[in-house]
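Derivation of every value follows stated rules applied to the coordinates shown; laboratory data play no part. These numbers come from a predicted model, not from an experiment. All Cβ positions, even for glycine, are placed from backbone atoms using ideal geometry, and neighbour counts span all protein chains on display.
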Amino acid sequence: MGRAFKPQGDEIELIRRKMVNTDRVTAIPGTDGKFGFSCFSPDGLVDLADALAGVLEPGDVIFLQGELGAGKTTLTQYLAYALGVGAEQYVASPSFALLHEYSGRLPVYHMDLYRLHDEEDVEAAGLPEFFEQQGVSIVEWPDRLGSLAPADRLEIHIQIEAEEARWLILNPWGEPWRDKLSRISATLA
């Protein structure tokens, strides 16, 4: 099973050494299915979003981690559009609303927990019930969930490498996500 993930020294260096001037996927040896994805412009996230959308099923949960401005909402926008959310449904950060819902091939529940303090606040807001719905839950600032975090999920840690360049480490939690992540990796390779 995975662990709450923040890239560690060796993982960071492995990804940095593998980065070149094109988007690419890098397996992270000995990490139970994690892989890295480097992109050199926001548009590089489109391929990742398309690959993710191709494996998503009702009830799937994605955690997005990274500092302010890392690209969490940008990735969510691309993913929502890849899931068939129309342009008339502008995908924006739900920082003040906590949750935005969008209709596509699967419903998208985009949560931003930045303004919440802990799992008690999350529970009081009624957000965990969306993990049981027939859509895809995308959660920014998931550390606020504490013990409410679903066991099966995909964690994506986004690191700013340069002004527009990002590298992402995708960490599967649970067997369903390990299988999906191997299919995503093959698609992006």
Practice item. Before anything else, pin down the relative contact order of the stretch 77-189: Cα pairs under 8 Å, at least 6 apart, normalised by residue count, whole percent. Key: 17
Check your understanding: Under a point-charge model restricted to the Cβ atoms of Lys and Arg (+1) and Asp and Glu (-1), what is the dipole moment magnitude of the stretch 51-150 relative to its Cα centre, in debye to the nearest 20?
Key -> 420
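In what sequence, highest mean first, do 103-113, 55-65 appear when ranked by Cβ atoms within 10 angstrom? The partial results should precede the final answer.
Details: 103-113: 21.2, 55-65: 19.4.
Ranking, from highest mean packing down: 103-113, 55-65.
Based on other C-beta atoms within 10 Å, arrange Leu68, Leu170 from fewest to most.
On the way: Leu68 8, Leu170 25.
Going from sparsest to densest Cβ surroundings: Leu68, Leu170.
Show me the GluC sites (Glu not before Pro) within the stretch 129-189 that DSSP assigns to loop and that have at most 12 other Cβ atoms within 10 Å of their Cβ. Let's see the in-between values first.
Values: sites: Glu129, Glu132, Glu140, Glu155, Glu161, Glu163, Glu164; in loops: Glu161, Glu163, Glu164.
Answer by residue number: Glu163.
Assuming a ≥ b ≥ c are the square roots of the Cα gyration tensor eigenvalues, decide whether the stretch 39-189 counts as rounded (a/c under 1.5), prolate (otherwise, with a/b larger than b/c) or oblate.
Details: a/c = 1.32, a/b = 1.24, b/c = 1.07.
In terms of gyration-tensor shape, rounded.
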Check your understanding: If you keep only loop residues by DSSP, which GluC sites (Glu not before Pro) in the stretch 73-125 have at most 13 other Cβ atoms within 10 Å of their Cβ?
Key -> Glu88
Revision key, fill the gap. For the stretch 76-84, in residue order, the Karplus 3J(HN,Hα) values (coefficients 6.51, -1.76, 1.60; θ = phi - 60°; whole Hz; Gly and Pro = x) are 4, 4, 4, 5, 4, 5, 5, 8, x
